[in-house]
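To start, the structure itself, in structure tokens.
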Amino acid sequence: MSVRFGIIGTGRITRRLVADLQSTDNVSVSAIASRTDERARWYADQYGIANAVTGYQELIDRDDVDAVYISLPPSLHKEWSIAAANASKHILCEKPLALTTDEATQIDQAAKANQVRWLDATAWLHHGRTQAIASAIADGRLGKVGHISAAVSFFQPFQSGDHRLDASLGGGCLLDLAWYAGGLIRFAAKGLPTKVFASAIDDSEIGSGVPQRVTAMLWFDDNVTATLSCGYDTATRKWFEIAGSAASVVCDDFTRPWADKPARCWIHAASGDVQQLAYEGNQEQEMILRLIGDSPLDSLQCQAIDTHRILDALAESIRLGEPVSV
Ligand SMILES: NC(=O)C1=CN([C@@H]2O[C@H](COP(=O)(O)OP(=O)(O)OC[C@H]3O[C@@H](n4cnc5c(N)ncnc54)[C@H](OP(=O)(O)O)[C@@H]3O)[C@@H](O)[C@H]2O)C=CC1
Ligand SMILES: O=C1CO[C@H](CO)[C@@H](O)[C@@H]1O
């Protein structure tokens with residue numbers, strides 16, 4: 001039976017994911033909700049969605065909605081994820097899952113109490129290439145992983161009304177972009193750091209009051225270290241390196257490997273041999289299929305909550321100006 005999605009919010013990323021939802025097997029989109037009648041109608045007309053709904057709770061309460069895609073500024077993710085869980089609707093919530101670990105845990109608990117499935121919409125985790133990297137780590141091809149680096153930047157000059165630069169809406173590159181880099185580091189290190197040290201630059205001249213650039217070091221057990229760099233004041237870069245004793249994985253575009261671009265992920269062996277990792281699949285559709293499937297989601301949910309633990313620790317280190325234990 002088809003799973004009927006309702007979409008909450010009419011922002012930029014909705015324009016992309018609506019097509020993935022509409023083209024995934026056994027999924028349909030039955031309604032879209034906005035705070036305003038006009039925007040809901042515009043979106044419904046534009047994307048061929050049968051029902052335009054004014055108000056998010058009104059969408060959640062509909063009988064023709066089995067699952068919601070929440071695409072709102074981060075400060076609203078907890079409230080609307082929990083509202084959906086309480087109405088027994090499955091949840092695909094945009095990244096970051098919430099503002100803090102505590103909020104993320106509240107979403108998880110509400111979902112479990114209501115027996116609904118949830119995922120954060122961190123699509124790179126669902127790419128076939130991510131599984132290939134996990135296998136290369138697990139089967140020893142990299143040798144002992146020693147260091148992980150991850151950098152995610154987009155040049156985003158201040159624009160009035162952009163939630164990314166609005167502290168009250170959960171803006172700032174720590175939650176927005178370190179979500180990707182911190183998540184990649186957690187994925188490659190297979191766990192949490194023991195200690196982190198982070199600093200942030202907030203260019204208050206443009207009045208945002210949120211981190212515009214974050215630089216951090218992370219220490220793990222067994223002499224594994226990591227570096228993270230994220231910012232709104234440097235041009236687009238989305239790369240990582242996982243350096244092992246026998247080989248390194250290098251990837252220069254990990255958040256969004258488009259189908260029309262060649263794979264950009266390589267294993268560099270100590271022998272000098274360079275192997276390109278194969279590209280396959282649509283990561284957004286894989287993510288949606290996982291959410292509506294019946295296989296356990298615990299490890300993906302743990303990845304999201306652990307990513308919040310890392311971001312909380314980075315925020316605390318920035319606040320104190322010194323390293324903090326995790
Ligand atoms: N997975 C990915 O690749 C990406 C994920 N994202 C994530 O998606 C989420 C949304 O980002 P994006 O689409 O860029 O956001 P936008 O600012 O473009 O849209 C957010 C939507 O939220 C609704 N909204 C409700 N309350 C507010 C408020 N107080 N201020 C502003 N908007 C409000 C609005 O819809 P309405 O008024 O119609 O109800 C608005 O259109 C974020 O969590 C972001 O991190 C963003 C880009 C890429
Ligand atoms: O997740 C994201 C990826 O792309 C954007 C850049 O346009 C980010 O700011 C965003 O929130």
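Descriptive notes on the structure:
- Crossing angle, helix 178-189 versus the chain [Cα axis fit, 0-90 degrees, rounded to tens]: 50 degrees
- Nonlocal amide H pairs with Gly146, under 5 Å, H built at 1.01 Å: Ala243, Gly244, Ser245
- Amide proton proximity set for Gly171, modelled H, under 5 Å, gap of 5+: Asp166
- Mean residue ellipticity at 222 nm, helices only, the chain: -10500 deg cm²/dmol; runs of at least 4 DSSP H residues each add -39,500 (n - 2.57), and the sum is divided by the number of residues.
- Using θ = phi - 60° and Karplus 6.51 cos²θ - 1.76 cosθ + 1.60, couplings along the range 66-75 (whole Hz; Gly, Pro as x): 9, 8, 10, 10, 9, 10, 10, x, x, 5
- Helix 128-138 vs. the chain, principal-axis angle (Cα, 0 to 90°, nearest 10): 40 degrees
- Calculated FRET efficiency for the pair Ala113/Thr227, C-beta based, R₀ 41 Å, to 0.05: 0.60
- Within the straight-line cut-off of under 22 Å between alpha carbons, the lysines reachable from Lys238 are Lys95, Lys190, Lys261, sequence neighbours fewer than 8 places apart in one chain being disregarded.
- Residues Asp273, Asp176, Asp233, sorted so that the one with the fewest Cβ neighbours within 10 Å comes first: Asp273, Asp233, Asp176
- Nearest 10 degrees, 0 to 90: helix 298-320 Cα axis against the chain principal axis: 70 degrees
- Stokes-Einstein diffusion of the chain at 20 °C, 1.002 mPa s viscosity, Kirkwood radius from Cα pairs, rounded to a whole number: 105 µm²/s.
Rule-based calculations on the coordinates, nothing more; no lab input. All values derive from a computational prediction rather than experimental measurement. FYI the Cβ positions are ideal-geometry reconstructions off the backbone, even for glycines, and counts take in every protein chain you see.
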